[in-house]
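Asker: I'd like to ask you about the structure that follows.
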Amino acid sequence: MMKKVISLLMVFAMALAMVACGSTTTDTGGDGQNSGAGNSGNAGGAASDSGDDAAESDLAYVKEKGTLIVGMTDFAPMDYKDESGEWIGFDADMAKAFAESLGVEVEFLEINWDNKLMELDTKGIDVIWNGMTITDEVTNGASVSEPYCNNGQVVVVPADVAEDYQTVESLSGLSFAVENGSAGAEQLDLLGLSYTAKTTQADALLEVASGASDACVIDLLMAGAMIGEGTSYPELTYTVQLNSEEYGVAFRQGSDLTEAFNTFWKEAYDAGTVMEVATTYGVQESVIEK
């Protein structure tokens with residue numbers, strides 16, 4: 001009887017030992033698995049992050065949603081509406097062609113030009129394409145295409161007083177209107193001349209035409225299309241050109257759409273499309289040869 005009791009006690013002790021060993025093994029394995037899961041999770045997270053980075057393609061994003069949203073303002077001859085309300089112009093027509101090359105629809109969105117980079121960063125728009133001067137502000141805040149047009153900022157005054165304002169020095173004392181956040185505003189700031197900030201260049205022109213301001217500063221391309229004989233403002237002319245500059249198209253920083261645009265533009269130029277559209281809107285002399 002005593003032997004049976006001893007045997008039972010021995011079996012019970014062995015069982016306890018096995019449970020203890022199993023428990024210890026499980027704990028160790030659990031720690032190992034948690035550590036492994038943590039490492040695996042981190043590795044997976046890193047892989048996932050890397051995958052996310054790889055997946056953060058503007059080109060893929062635009063194609064997936066099926067639209068290219070173009071941020072612009074009313075700025076003839078680059079972007080403006082025809083009688084039916086459709087956006088046309090050199091930039092507008094080329095934006096349509098670029099969107100078509102991507103297999104998506106184009107959508108034009110009028111923006112406050114002063115907020116253009118914020119609109120781009122927050123994905124309110126996908127591209128800034130509106131006769132945009134390449135400035136340090138733009139290149140520091142966006143990915144900018146190769147330049148496609150030459151331009152400059154010019155002073156617009158009534159034609160009957162133009163002879164009095166042929167030099168930079170003669171501009172002192174004039175009241176100016178200029179588009180807020182524009183290259184024209186930057187030039188006036190550099191000259192230390194005060195101005196009234198307007199929403200668009202068209203608004204700045206209207207200020208001069210109505211007599212509310214003595215002068216305005218607008219893009220040379222716009223001046224060529226909008227002022228002088230046979231235009232909307234035959235009584236206005238431009239005198240002093242304040243600088244020389246280039247136009248570019250802006251995408252989000254690091255965007256692969258920039259290279260897609262550069263490739264598209266070169267092919268469109270070689271095919272004659274760029275010059276054909278430029279001739280339609282009278283800006284062919286400003287187009288940069290590719």
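The values are calculated or read from the model by the stated rules, or taken from the named source; none is laboratory data. Note that the structure is a prediction, hence the values are computed from the model and not measured. So basically every Cβ, Gly included, is an ideal-geometry build from the backbone, and we count neighbours across all protein chains shown. These accessible areas exclude ligands, DNA and RNA; they are computed on the full protein's heavy atoms, side chains included. Shrake-Rupley method; radii C 1.70, N 1.55, O 1.52, S 1.80 Å.
Asker: Using alpha carbon centroids, what distance separates the range 141-216 and the range 231-290, in Å?
Answerer: 20
Asker: How would you rank 173-181, 190-198, highest first, on the average number of other Cβ atoms within 10 Å across their residues?
Answerer: Ranking, from highest mean packing down: 173-181, 190-198.
Asker: For Thr135 and Leu191 in one chain, what is 0.36 nm times their gap in residues minus the Cα-Cα distance, to one decimal in nm?
Answerer: Here the answer is 18.5 nm.
Asker: Among DSSP beta bridges lying fully in the range 140-245, give the percent that are antiparallel, nearest 5.
Answerer: Around 55 percent antiparallel, to the nearest 5.
Asker: Grab the Cα-Cα distance for Asn115 and Ser101, subtract it from 0.36 nm times how many residues apart they are, and report the gain in nm with one decimal.
Answerer: 2.3 nm
Asker: Given Cβ point charges of +1 (Lys, Arg) and -1 (Asp, Glu) and nothing else, what value in debye, to the nearest 20, does the dipole of the range 53-153 about its Cα centre take?
Answerer: Using only the charged Cβ atoms, the result is roughly 80 debye.
Asker: Another question about this same structure. Using a 1.4 Å probe and ignoring any ligands, DNA or RNA, find the accessible area of Asp136 and quote it in Å² to the nearest 10.
Answerer: 120
Asker: Given a 1.4 Å probe and the protein chains all in place, what does the accessible area of Thr167 round to, in Å² to the nearest 10?
Answerer: Per-residue accessible area (Thr167): approximately 60 Å².
Asker: Still on this model: With a 1.4 Å probe and every protein chain left in place, work out the accessible area per residue of the range 119-241 in Å², rounded to a whole number.
Answerer: With the other protein chains kept in place, the range 119-241 gives 42 Å² per residue.
Asker: May I pose another question? When you count, for each residue, the other Cβ atoms within 10 Å and take the mean per peptide, how do 140-148, 213-221 rank with the highest first?
Answerer: By packing density, highest mean first, the sequence is 213-221, 140-148.
Asker: What does the charge count around Val62 come to, taking other residues whose C-beta lies under 13 Å from its C-beta (Lys +1, Arg +1, Asp -1, Glu -1)?
Answerer: -4
Asker: Given the pairs Lys198/Lys266; Lys198/Lys290; Lys65/Lys116, which are separated by over 28 angstrom at their Cα positions?
Answerer: Result: Lys198/Lys266; Lys198/Lys290 exceed 28 Å.
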